[in-house]
Amino acid sequence: MTFQIDSGIDLPGQELGLVSKMPAVENNGKVSRDDRKTVGDITHADPRMTCRDVHVWYGDKHALNDVDLDIGKNEVIAMIGPSGCGKSTFIRCLNRMNDSIDGCRVSGDLIMDGQDIYDRKMDVVLLRAMVGMVFQKPNPFPKSIFENVAYGPRIHGLAAAKTDIEEIVVTSLQKAGLWDEVKDYLDQPGTGLSGGQQQRLCIARAIAVNPEVVLMDEPCSALDPIATARIEELIDELREHYTIAIVTHSMQQAARVSQRTAYFHLGDLIEVGETDQIFTNPKHQLTEDYITGRFG
Amino acid sequence: MDNSPKHTTDLVRQGLAKRYRQEARFRRMGMTAIILGLAFVSMLFISIIGNGYSAFWQTYAQLEVHLDASKIDPEGTRDSDVIADADYGGIIKQSLRDMFPDVTGRRDKRTLYRLVSNGASYDLKDFVVANPDRIGTTIQLWVPADDDIDMLMKGHFDRDKPESERRIKDNQIAWVDTFVEQNRIESRFNKTFFTAGDSRDPELAGIWGAATGSFFTLIITLLLAFPLGVATAVYLEEFAPQNKWTDVIEVNINNLAAVPSIVFGLLGLAVFINFIGMPRSAPLVGGMVLTLMTLPTIIIASRAALKSVPPSIREAALGVGASKMQMVFHHVLPLAMPGMLTGTIIGMAQALGESAPLLMIGMVAFIVDIPTGVLDPSTVLPVQIYLWADSPERAFVERTSAAIMVLLAFLIAMNALAVLLRKKFERRW
């Protein structure tokens, strides 16, 4: 873990070299609100993806400032923070979904399997086959349920025979907990399902290409509590096979589904830690303010 | 200020009447506009149909024709070439003279011959060639009446006017009345109008030549404009970077949509005909010119259709690892297709109704033959309408209106197709 002094903040005595390498501490033992360097352990013993010095700009706007974070194998890591804090921007860097946004620039190292995913040699199609994504609003294709799930494996050539495709579709739907509800309606349009079912269909579609990491950008924000509960159960089950990075606005959800939590604030990664620790004993004043509902 | 609820509702109530009056006034204005619009459209339709419906009927006269073997086939060979070469005009004239033996003067005789169409001799020839065994007998043959007689029978000439102010003379009226007395005149469905090409004689003129020309021209336009327009729209919307060049291109496409169509005709004349050396009056060149004209329409409509595809579908496709090309062709394009087709059909309907640019490239020529390919000289429906509207014969007035009706029918059919396609392929997400 590095302690860099953010150039934007003038700490007294900085120019004199008097500031120690220890963060400024408030009277209640928390790291001061003005201190924007990351608190907590950003590393993971068995990382799947390693991010270092990640900066993102949208045009002139510095949307993400120097983020270091490991995403571990078979863990669920939750990104929380107030709106516009950069948490969605961060996970969209992990499968380069930001590429399609005009004026978006990403710098830093995002390493997966020893390769920088922003490297020129990295194939975006291949990356997205390994890092799947589920979006905020359920977005099934306006095609049949079967076609929705079969699309990914088909374009990646994962199955040669028709029966293989069918098998992938069935297992994916089963893993997504949707099979029992839709097995008789596979030829019906995916857009005809309820919101929660659509989102589970999107999860099935994402895992049909057998990714290693699944990114979820507020997957439950458009769903009612019952559908949300189902998705949360599902996330817990999926952890066995996949690494999951989830952005959520619901702190309860983060507490329920994740093992580690990262708190973002205005483009800075403020604090990373075990979920229990973040919610019971945050080390940073901003984190505490957020989880106690003082703003957000 | 007193903000008690009672006070507020009083204030709102005071203003309510004014609001309702405004709304009612606006509605009345809207209704008036719609009624006016409908009135103009119905006036247009009523005048065109009122003028044109009679063109779908044509007066036919029955002649008693003696097929004199010495005139048709003097050597009795029954060879169809010999039979086809006979002087059938003379035979028709002979039968008219036989019918009215008291007509003697040269001028009177010439007037008498003009009772039936010039096409009568061709009809007779066709009959004899098909039935050579009837040579030597006397037959009853229905032939189209001359356009003036047709107009007289349809009541477009006033019999009560003094003879000097009429196109039809007294003796002609007397002969026609004789025909009517002998039940030798009748009104039949005007098949010629739908099967023939243009002619100087209204009773022989038809729109099939122009319709075929329009068909070939539109096929060329569709084949060129649709792929070009869709490809341009897809590239500009999905692949092109946003920079100064694409801005310039976009502005120019929008400008092209507003360029007067005759300018495209001049361009076609200068480039396609004079520079490249393509044939004049050909549907190929017409189609290329109309492609230039319809491209902006198709591009703009297609881009709007692409823009209306929700970004979530693009993200979904990219999220499962589709390449940009796969995203566009598997998901975005199918969803945008109904809008693109609608734009294309509207562009095609525009092209179908366009005459000005085609005048420039020579599709305004008088062409009798039905075109058989895209290189044959031909004309198109709106130009045919223009040509007929320019003709002095009274019978062309109703044919002009009838041709307009045919053109309108095609346009309505195309627009209905656009609506149907949109309904059929429209998908909800």
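The values are calculated or read from the model by the stated rules, or taken from the named source; none is laboratory data. Please read all numbers here as calculations on a predicted model, not as lab measurements. Positions of Cβ are generated from backbone atoms using ideal geometry, with glycine treated the same way; all protein chains shown enter the neighbour counts. Ligands, DNA and RNA are excluded from the accessible area calculation, which covers all protein heavy atoms including side chains. Shrake-Rupley method; radii C 1.70, N 1.55, O 1.52, S 1.80 Å.
Quick notes on this structure:
- Residues that are assigned to a helix (DSSP H, G or I) and open to solvent by 60 Å² or more (accessible area, probe 1.4 Å) within the stretch B:110-122 comprise B:ARG110, B:TYR122, listed in sequence order.
- Top-ranked residue of the stretch A:72-100 - restricted to ones that are assigned to a helix (DSSP H, G or I) and open to solvent by less than 20 Å² (accessible area, probe 1.4 Å), ranked as nearest to the other protein chains (Cβ to nearest Cβ): A:MET97
- Contact annotation: residue pairs with Cβ atoms under 8 Å, 6 or more positions apart or on different chains, pairing a residue in the stretch B:103-120 that is free of Cβ contacts under 8 Å to residues at least 24 places away in the same chain with a partner that is assigned to a loop (DSSP other than H, G, I, E, B) and open to solvent by 10 Å² or more (accessible area, probe 1.4 Å), are B:LYS109/B:VAL103.
- Count of residues meeting criterion [over 34 Å from the mean Cα position of the chain (by Cα), under 27 Å from B:LYS191 (Cα atoms) and not hydroxyl-bearing (Ser, Thr, Tyr)] in the stretch B:95-128: 3
- Residue in the stretch B:70-78 that is in the same structural domain as B:PRO144 (by TED's automatic domain parsing), of a type in the set (S, T, N, Q) and surrounded by 13 or more Cβ atoms within 10 Å (Cβ to Cβ) present: no
- Which listed residue is surrounded by fewer than 19 Cβ atoms within 10 Å (Cβ to Cβ) and of a type outside the set (Asp, Glu), from B:ALA317, B:ALA282, B:ALA270, B:ALA301: B:ALA270
- Residue within the stretch B:97-107 that is surrounded by 10 or more Cβ atoms within 10 Å (Cβ to Cβ), within 30 Å of B:HIS156 (Cα to Cα), in contact with a Phe, Trp or Tyr (Cβ under 7 Å, 6 or more places away or on another chain) and not acidic (Asp, Glu) present: yes
- Number of the condition not met by B:MET151 [criteria: (1) open to solvent by 40 Å² or more (accessible area, probe 1.4 Å); (2) within 17 Å of B:ARG394 (Cβ to Cβ)]: (1)
- Restricting attention to the stretch B:354-382 and to residues that are farther than 23 Å from B:ALA402 by Cα and aliphatic (A, V, I, L, M), the residue that is surrounded by the most Cβ atoms within 10 Å (Cβ to Cβ) turns out to be B:ILE361.
- Any hit, the stretch B:202-213, residues being part of a helix (DSSP H, G or I), farther than 30 Å from A:ASP99 by Cβ, touching a residue at least 40 places away in the same chain (Cβ under 8 Å) and open to solvent by 80 Å² or more (accessible area, probe 1.4 Å): yes
- Residue check for A:LEU223: among the aliphatic types (A, V, I, L, M), outside any helix (DSSP H, G or I), farther than 19 Å from A:LEU94 by Cα and touching a residue at least 24 places away in the same chain (Cβ under 8 Å): yes
- Criterion violated by A:PRO211 - all others in (1) open to solvent by 40 Å² or more (accessible area, probe 1.4 Å); (2) more than 19 Å from A:GLN253 (Cβ to Cβ) satisfied: (1)
- Residues located in the stretch A:262-292, provided they are over 23 Å from A:HIS55 (Cβ atoms) and open to solvent by 20 Å² or more (accessible area, probe 1.4 Å): A:GLU274, A:ASP276, A:GLN277, A:PHE279, A:THR280, A:ASN281, A:LYS283, A:GLU288, A:ILE291, A:THR292
- Checking each residue in the stretch A:148-168 for being facing chain B (nearest Cβ under 8 Å) and buried (at least 22 other Cβ atoms within 10 Å of the Cβ) picks out A:TYR151, A:GLY152.
- Residue tally, condition β-branched (Val, Ile, Thr) and open to solvent by 80 Å² or more (accessible area, probe 1.4 Å), over the stretch A:214-243: 1
- Test for B:THR372: is it more than 14 Å from the chain's Cα centre (by Cα) and not in a helix (DSSP H, G or I): yes
- Near pairs, Cβ below 8 angstrom, 6+ apart or cross-chain, from the stretch B:169-194 (aliphatic (A, V, I, L, M)) to any residue that is open to solvent by 70 Å² or more (accessible area, probe 1.4 Å): B:ILE173/B:ARG159; B:VAL176/B:MET153; B:ILE185/B:MET153
Each row is one residue, and each column tells you yes or no for (1) in contact with a strand residue (DSSP E or B) (Cβ under 8 Å, 6 or more places away or on another chain); (2) more than 29 Å from A:LEU223 (Cα to Cα); (3) within 14 Å of chain B (Cβ to nearest Cβ).
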| position | (1), (2), (3) |
| --- | --- |
| A:CYS104 | yes, yes, yes |
| A:ARG120 | no, yes, no |
| A:PHE146 | no, no, no |
| A:CYS202 | yes, no, yes |
